[in-house]
Amino acid sequence: MIKRILEKWFNLEPVRCESCEVLRSLLEESTRERRDLLTRALNPPQVEPLVQTSTEELKPVGNTFIPWRVRQQMLEAEDRKKFQLMQEKEKEIADLEKELDLSMDPNKKLKTQTNAG
């Protein structure tokens with residue numbers, strides 16, 4: 001008490017400790033946050049209403065469990081389809097090679113390149 005009176009009379013700055021400064025800054029921050037929250041609670045921002053989807057577009061989610069035998073058949077069918085597509089592509093490539101007179105023989109490729117160049 002006497003210390004405060006002497007500081008006031010002689011215009012001395014009070015001694016500030018580091019922990020008091022930390023507490024003061026924390027108090028200011030919490031006061032600012034509380035003020036912001038009150039402002040947001042009392043004056044909420046205007047939000048556009050959500051777009052309603054029609055119930056016709058919504059379909060119930062089916063059972064995700066698939067028995068192993070059914071899954072195995074599905075995988076086998078996919079593999080057969082992939083194999084068939086691969087065979088068709090190989091046949092198309094072979095037809096293109098025949099059409100362009102190319103072969104897989106590297107000696108023939110060199111001969112056709114040296115003849116052309």
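The coefficient of translational diffusion for the chain, derived via Stokes-Einstein from the alpha carbon Kirkwood radius under 20 °C and 1.002 mPa s, stands at 83 µm²/s. Between residue 65 and residue 81, the simple spin-label model (points 7 angstrom out along Cα→Cβ) gives 2.6 nm. Rounded, prolate or oblate: which fits the range 1-42 when a ≥ b ≥ c are the square roots of the eigenvalues of the alpha-carbon gyration tensor, with rounded for a/c under 1.5 and prolate only if a/b beats b/c? Because a/c hits 1.5 or more and a/b exceeds b/c, the range 1-42 counts as prolate.
The slack between residue 43 and residue 98, meaning 0.36 nm per residue of separation minus the straight C-alpha distance, is 12.1 nm. Per-residue ellipticity at 222 nm from helix content only, as computed over the chain with -39500 (n - 2.57) for each DSSP H run of at least four residues, stands at -22000 deg cm²/dmol. Residue separation of residue 36 and residue 12 scaled by 0.36 nm, minus their Cα-Cα distance, works out to 5.0 nm of gained length. The spacing between the range 66-83 and the range 19-39, judged by their C-alpha centroids, is 63 Å.
Throughout, read-outs are computed from the coordinates displayed, never taken from laboratory work. No experiment lies behind these values; they were computed from the predicted model shown. Cβ atoms come from the backbone with ideal geometry, glycine included; neighbour counts cover every protein chain shown.
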